[in-house]
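The values are calculated or read from the model by the stated rules, or taken from the named source; none is laboratory data. All values derive from a computational prediction rather than experimental measurement. Methodologically, a virtual Cβ is constructed for each residue, glycine included, from the backbone with ideal geometry; neighbour enumeration extends over all protein chains shown. We work out accessible area using only protein heavy atoms, side chains counted, and drop any ligands, DNA or RNA first. Shrake-Rupley method; radii C 1.70, N 1.55, O 1.52, S 1.80 Å.
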Amino acid sequence: MTKKRQLLNKTDILNNISDEHKDSLKELTIFDEIGSTNDEAKTKLTEIENFNDSIAIFAEKQTSGRGRTGKTWESPANVNIYLSFGWYSSLKLSELEGLSLATGVEISNHLDPIIGESLKIKWPNDLFLSEKKTGGILVETTSNKKGTSIVIGVGFNVLMSDKVENPIDQDWTSLSIHFGKDFDRNKIAGHILEALFHLKDNFEANGFSHYKVRFEELNILKNKECLATFDDVSLMGLAEGITENGELIFNENGKIHQLRYGDVSIKKI
C-alpha cells in the first residue's frame, strides 16, 4: 500500500511561480482523485476567453491517466505529479511540431537547479534519469473558432517507491529512488508549472528552433542503435538526431527516415 505523503497545496505551488505568470493563471485546481487531468483541462479550457489566460489542473491520483497512443499512465495517490496545463494559441496546428520535445527541455532546465541533474529526453515525449523513465508528456491539440487549444499533460515520478508493485512495462525510477531522498512535491510541482509557462512564452514567440540545440544535448537516443516500430513495420537503425521540426533522423543501414511524432515507438537496443 502506498504511504500517504505531503499533499499538494495551491499556496505552496504558487510560491514557485513568477508574479507575471500568476496573473495569467485563470484557474489552478487540485483534485484528490480524477479520471484524467487532461480531460478536465480540455473541458475547463472551453471557458477561457482571453488568449493571455491559462489553466492548471493537478490531481493526487488519476483513475484513467493515459500516455501517448492511448497507453495507461499508472497514477498512484499522493506520491507523484499529475498536471495538465492549457491555453489557447494563435499558432496553427502545423506550427506546433516539436512541442513535446520543447516541453521536455523546459522541464529539464527548470528542475536541474532543484534536483542537481539534467533529466534526459527520449524522443518524442519521455523524461529519463539513469536510463530509466521518470516522467512522460502528453500533448493534445484541437483547432476551433477561438484558435488552437493546447493541453499539455505531465506525469512525473517524485516519491513513488520501488517497493510498491506497479504494472509498468519498462524500467522506471522516481526522484526519491534515484537520489535516495525525498523531495518537496509542491516545489517540484511549482517548478514544472513554471517551466510550462516559459514553454508557452518561448514556443509562441520562437517555435521549436528555440529548443533544438538544447534538446540534442539531452537526447538520450543520440547516436544509439534503436528499434523503430510504426504502421506494423519494424526497423533497426541509428537514431542520429532530429530535424528542425523535431522529426527523428533514423538511419537504417544508410537509408534515412525522418520519423514523425505519433507515428513511431522507439526502443534502445
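Per the listing Gly190, Gly153, the residue uniquely assigned to a strand (DSSP E or B) and either of a type outside the set (D, E, K, R) or closer than 22 Å to Lys267 by Cβ (or both) is Gly153.
Regarding the stretch 57-79, can at least one residue be identified that is modelled with pLDDT of 95 or more, over 20 Å from His210 (Cβ atoms), open to solvent by less than 40 Å² (accessible area, probe 1.4 Å) and of a type outside the set (A, V, I, L, M)? Yes; the residues of the stretch 57-79 include at least one that is modelled with pLDDT of 95 or more, over 20 Å from His210 (Cβ atoms), open to solvent by less than 40 Å² (accessible area, probe 1.4 Å) and of a type outside the set (A, V, I, L, M). Only residues that are outside any strand (DSSP E or B) and either open to solvent by less than 10 Å² (accessible area, probe 1.4 Å) or within 17 Å of Ser54 (Cα to Cα) (or both) were counted in the stretch 135-149, giving 1.
Among the residues of the stretch 137-156, are any under 25 Å from Asp184 (Cα atoms) and free of Cβ contacts under 8 Å to residues at least 40 places away in the same chain? Within the stretch 137-156, one or more residues are under 25 Å from Asp184 (Cα atoms) and free of Cβ contacts under 8 Å to residues at least 40 places away in the same chain. For the stretch 105-134, the set of residues classified as among the aliphatic types (A, V, I, L, M) and assigned to a strand (DSSP E or B) consists of Ile121, Leu127, Leu129, listed by residue number. Residues in the stretch 223-245 that are open to solvent by less than 80 Å² (accessible area, probe 1.4 Å) and more than 16 Å from Arg260 (Cα to Cα): Lys224 only.
State yes or no: is Asn253 out of contact with any Lys or Arg (no Cβ under 6 Å at 6 or more places or on another chain) and more than 15 Å from Ile121 (Cβ to Cβ)? Yes, satisfied. In the stretch 30-56, the residue that is nearest to Ile137 (Cα to Cα) out of those that are modelled with pLDDT of 90 or more and touching a helix residue (DSSP H, G or I) at 6+ places or on another chain (Cβ under 8 Å) is Ala56.
Does at least one position in the stretch 163-177 carry a residue that is open to solvent by 10 Å² or more (accessible area, probe 1.4 Å), of a type in the set (S, T, N, Q) and touching a residue at least 24 places away in the same chain (Cβ under 8 Å)?
Yes.
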